[in-house]
Amino acid sequence: MALITEDGTGKSDAESYATAAELASYAVKFGATIPADEAVQEALLRRAALAMQAMKWKGKKTSSEQALAWPRRGVHLDGENKPSNYLPARIQYGQMALAVEIHADDIDPPGQRKGAIVREKIEGAVERQYAEIPNSSQRLLPAAPDRPSATQFADYLERRGLFAVRS
């Protein structure tokens, strides 16, 4: 099934901000690993677009009928109000980075990762001990800590960076 891409008009059936060809080009430029199958690439882009729907973006959707979070109205950035058909390039790049991150998590699930080897004993059979990965939430974070998608989205999210919560 062909991927329907958003062009800034607020399509009601849009599934992605980028095409599979653009994702393949992005992967080559940034040395990322993605599947060669175009249908699987499109599925990754759809999954990334769905994950983006849960993010709290600046402004409001241009139309309640549009399928994706962008374009948006009421976005003030770099000292100017952006037009309601504005579709930032970093939203598209962020989606592609997120698709690559999702694929990385698919092939190396966070729950199956192990810490660095801290002890290895070789006497007959090999005994290996891994470091504990500290995580107070009891949930490992997916992929690398320097997630490129988070960097791409930073200016367009309601809250950027760290913020304090008063209890």
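What follows draws every value from the coordinates through simple rules; no lab data is involved. This one's a predicted model, so the numbers in the text were calculated from it and none came from an experiment. Cβ placement follows ideal geometry from the backbone for every residue including glycine, while neighbour counts extend to all protein chains displayed.
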Whichever lysines have a C-alpha closer than 29 Å to that of LYS82, once near sequence neighbours (fewer than 8 apart) are set aside: LYS11, LYS29, LYS56, LYS58, LYS60, LYS61
Residue exposure sequence - TRP57, TRP70 - by fewest surrounding Cβ within 10 Å: TRP57, TRP70
Contact order relative to length of region 1-126, as percent, for alpha carbon pairs under 8 angstrom and 6 or more apart: 27 percent
